[in-house]
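Asks: Before anything else, here's the structure in question.
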Amino acid sequence: MTGAAEGSESLREAALSIYDAIFGGQDSVEIDGETYPVEKTSKNNLLSVRIDPLFFVEQNPSKSSKWAEMAREGHQIMWVMKGRSYLARVMDGKFLDLKRKH
């Protein structure tokens, strides 16, 4: 998951695999032959996977955003982040590249 992969199809594939692991209750996920643990964030106990420099994390349902409300309603939402930037979202199994011009 290097810089070249972030905007490519491999990001989509990795995100969907990690989404399945997070919402499927798995302990780890294999991406490109490497195994990464599904961990809980220290602050909010959210399920996440880190593949530097990327961070994959489920939506925090206790926030006040529309995404948190959707998570409370039962939608499964995961964000792909690099630093503080949102690169992509997977909601209910559908990947959306947030950096692509629509």
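Asks: Which numbered condition trips up Glu9, out of (1) in contact with a helix residue (DSSP H, G or I) (Cβ under 9 Å, 6 or more places away or on another chain); (2) at pLDDT below 95; (3) of a type in the set (Asp, Glu)?
Replies: Result: Glu9 fails condition (1) only.
Asks: Can you find a residue that is touching a Lys or Arg at 6+ places or on another chain (Cβ under 7 Å), within 24 Å of Glu30 (Cβ to Cβ) and either hydrophobic (A, V, I, L, M, F, W, C) or in a strand (DSSP E or B) (or both) anywhere in the stretch 55-68?
Replies: No: zero hits.
Asks: Taking the criterion of being in contact with a strand residue (DSSP E or B) (Cβ under 6 Å, 6 or more places away or on another chain) and assigned to a strand (DSSP E or B), would at least one residue in the stretch 18-30 satisfy it?
Replies: Yes, the stretch 18-30 contains at least one residue that is in contact with a strand residue (DSSP E or B) (Cβ under 6 Å, 6 or more places away or on another chain) and assigned to a strand (DSSP E or B).
Asks: Does any residue of the stretch 15-38 turn out to be more than 27 Å from Glu73 (Cβ to Cβ), touching a Gly at 6+ places or on another chain (Cβ under 9 Å), in contact (Cβ under 8 Å) with a residue 12 or more places away in the chain and not acidic (Asp, Glu)?
Replies: Within the stretch 15-38, none of the residues are more than 27 Å from Glu73 (Cβ to Cβ), touching a Gly at 6+ places or on another chain (Cβ under 9 Å), in contact (Cβ under 8 Å) with a residue 12 or more places away in the chain and not acidic (Asp, Glu).
Asks: Residue by residue through the stretch 19-35, note down the ones that are within 18 Å of Gln59 (Cβ to Cβ) and of a type in the set (Asp, Glu).
Replies: Correct list: Asp20 only.
Asks: Inspect all residues belonging to the stretch 87-97 and state whether any of them is among the charged types (D, E, K, R), in contact (Cβ under 8 Å) with a residue 12 or more places away in the chain and either in contact with a His (Cβ under 8 Å, 6 or more places away or on another chain) or on the phi > 0 side of the Ramachandran plot (or both).
Replies: Yes; the residues of the stretch 87-97 include at least one that is among the charged types (D, E, K, R), in contact (Cβ under 8 Å) with a residue 12 or more places away in the chain and either in contact with a His (Cβ under 8 Å, 6 or more places away or on another chain) or on the phi > 0 side of the Ramachandran plot (or both).
Asks: I've got another one for you. So in the stretch 6-40, with the set limited to residues that are surrounded by fewer than 14 Cβ atoms within 10 Å (Cβ to Cβ) and among the polar types (S, T, N, Q), which one is nearest to the chain's Cα centre (by Cα)?
Replies: Ser28
Asks: Could you tell me which of the residues Arg84, Arg100 is loosely packed, with under 11 Cβ neighbours inside 10 Å and touching a residue at least 40 places away in the same chain (Cβ under 8 Å)?
Replies: Arg100
The values are calculated or read from the model by the stated rules, or taken from the named source; none is laboratory data. Being a predicted model, the structure only gives us computed values, none of them experimental. Every residue, glycine as well, gets a Cβ built from its backbone with ideal geometry; the counts of neighbours run over all protein chains shown.
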